[in-house]
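Have a look at the structure below, then the notes.
The values are calculated or read from the model by the stated rules, or taken from the named source; none is laboratory data. Here the structure is a predicted model, which means the values were calculated and not measured. Reconstructed Cβ throughout: ideal geometry from the backbone, glycine too, with neighbour counts over all protein chains shown.
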Amino acid sequence: MSTKATLVKTVWPDALALSHAAANLIVTESNKAVAEKGFFTLALSGGSTPKLLFSLLAQAPYKNNIPWHKTIITFGDERFVPPASEESNYKMANDTLLKLVPVPKKNILIVPTVKVTPARSAALYEAAVKKHVSSKHPFDLILLGIGEEGHTASIFPNSPLLFDKKDKVKNIWVEEKQIDRISFTMPFINQAKNIAFLVSGQSKAAIVKKIFSKSGASLPAAMVKAKENTFWFLDEAAAG
C-alpha cells in the first residue's frame, strides 16, 4: 500500500501556538510509531523556534504522553563545535528538553565533534543513525527550520548536499557562516515518513512566500518532500 505524499500548511497566531501544534504532532507520531514497530525516531533541529517547542515537550501534558524510553533522538545537523558550546544544537536541546525527560542516554545520538575531523564525524554519525533508520524503518519525524536565504538543516542554496545520494550524513564547510557543519543530505531527509518545518517571525515572511512560489523551487527548503506528510507550521508573522 503506497501512501500519497501530502503537504500540510497551517498558520497559528504566534510562535507559542505553533509550538503547541507541533508538540501535539510529536505526541501522535511517537505513540503511533511505538505501536507499529516498537520505537520512534526523531531528528531535532537547532534555532530559536524549536527552543520554545522543546520547553513545552519537557513539561506536562506533553512530557507524560511521549514514550521517551522508546524514542531515539538524533540531530538533522550540528555545528562542528564542542557539545558544551553555546553554538551547539545538542546543548540547546539538552538544556531545554533532553535532561528534563526520561529519554535513555544511549538513545540520544550526539554528533561527535571532539578529537575527530569533520569528515570522520559525519561518517561516525551516519553509522550511528543507520542502526535505527533504514529503508524499512525510515525516520518517523524530522524537525526542520529555514534560514532567511532558504537553507534548511545545513543545506544552503547550491550546496552539494542537495543531490548527494551516496551519503546520508555529510560534513560541509559553510562559507556564509565560516564554520564546518555536519548535516543530513537532502536525499536522506526526503526518505523520512514525516517532516515538520517550524517557522516563526516576520524576518521569515519573504522567504516563506518565495518557497511557496515558482521562483523559489530550487531553494533547499522548497526541495524537502517527505514520503508521507510534509508539515509547515507557520505563525502569522512568518505567513505574511
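Residue pairs whose Cβ atoms lie under 8 Å apart, sitting 6 or more positions apart in sequence or on different chains, and linking a residue in the range 142-157 that is in a loop (DSSP other than H, G, I, E, B) to a partner that is crowded, with 21+ Cβ neighbours inside 10 Å and of a type in the set (Ser, Thr, Tyr), are Gly145/Ser45; Gly145/Thr49; Gly145/Thr152; Ile146/Thr152; Ala153/Ser45; Ala153/Ser183; Ser154/Ser183. Residues in the range 121-131: is at least one in a loop (DSSP other than H, G, I, E, B) and under 23 Å from Phe197 (Cβ atoms)? Looking through the range 121-131, none of the residues is in a loop (DSSP other than H, G, I, E, B) and under 23 Å from Phe197 (Cβ atoms).
Quick grid of which residues meet (1) in a loop (DSSP other than H, G, I, E, B); (2) touching a residue at least 60 places away in the same chain (Cβ under 8 Å):
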{"position": "Leu18", "(1), (2)": "no, yes"}
{"position": "Ala21", "(1), (2)": "no, yes"}
{"position": "Asn24", "(1), (2)": "no, no"}
{"position": "Ser30", "(1), (2)": "no, yes"}
{"position": "Leu53", "(1), (2)": "no, yes"}
{"position": "Pro61", "(1), (2)": "yes, no"}
{"position": "His69", "(1), (2)": "no, no"}
{"position": "Pro83", "(1), (2)": "yes, no"}
{"position": "Tyr90", "(1), (2)": "no, no"}
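Checking Ser135, Ser159 one by one, the residue that is out of contact with any strand residue (DSSP E or B) (no Cβ under 6 Å at 6 or more places or on another chain) and farther than 30 Å from Asn31 by Cβ is Ser159 and no other. Screening Lys37, Lys9, Lys4 for residues that are of a type in the set (Lys, Arg), closer than 22 Å to Ala221 by Cβ, out of contact with any Pro (no Cβ under 7 Å at 6 or more places or on another chain) and in contact (Cβ under 8 Å) with a residue 40 or more places away in the chain leaves exactly one candidate, Lys9.
Determine if the range 173-189 includes at least one residue that is modelled with pLDDT of 95 or more, part of a loop (DSSP other than H, G, I, E, B), of a type outside the set (Gly, Ala, Ser) and within 28 Å of Ser215 (Cβ to Cβ). Scanning the range 173-189, I find at least one residue that is modelled with pLDDT of 95 or more, part of a loop (DSSP other than H, G, I, E, B), of a type outside the set (Gly, Ala, Ser) and within 28 Å of Ser215 (Cβ to Cβ), so the answer is yes. Scanning the range 71-81 for residues that are in contact with a Phe, Trp or Tyr (Cβ under 6 Å, 6 or more places away or on another chain) and assigned to a loop (DSSP other than H, G, I, E, B) yields one hit, Gly76. Among the conditions (1) surrounded by fewer than 17 Cβ atoms within 10 Å (Cβ to Cβ); (2) under 17 Å from the mean Cα position of the chain (by Cα), Gln59 misses just one, which is (2). In the range 141-152, is there at least one residue being polar (S, T, N, Q), surrounded by 22 or more Cβ atoms within 10 Å (Cβ to Cβ) and at pLDDT 95 or above? Within the range 141-152, one or more residues are polar (S, T, N, Q), surrounded by 22 or more Cβ atoms within 10 Å (Cβ to Cβ) and at pLDDT 95 or above.
Return the only residue of Phe156, Phe212, Phe163 being aromatic (Phe, Trp, Tyr) and either modelled with pLDDT under 95 or under 23 Å from Tyr90 (Cα atoms) (or both).
So the residue among Phe156, Phe212, Phe163 that is aromatic (Phe, Trp, Tyr) and either modelled with pLDDT under 95 or under 23 Å from Tyr90 (Cα atoms) (or both) is Phe156.
Considering only residues that are over 12 Å from the mean Cα position of the chain (by Cα) and among the polar types (S, T, N, Q), look in the range 17-56 and name the one that is surrounded by the most Cβ atoms within 10 Å (Cβ to Cβ). Top of the filtered list is Ser19. Does Ala58 satisfy the condition of being modelled with pLDDT of 95 or more, under 23 Å from Thr10 (Cα atoms) and touching a Leu at 6+ places or on another chain (Cβ under 6 Å)? No, not satisfied. Does the range 172-187 contain any residue that is within 17 Å of the chain's Cα centre (by Cα), farther than 30 Å from Thr28 by Cα and of a type in the set (D, E, K, R)? Yes, the conditions are met somewhere in the range 172-187. Residue by residue through the range 195-240, note down the ones that are without any contact (Cβ under 8 Å) to a residue 60 or more places away in the chain and in contact with a helix residue (DSSP H, G or I) (Cβ under 6 Å, 6 or more places away or on another chain). Listed by number, the residues that qualify are Gln202, Lys204, Ala205, Ala238, Gly240.
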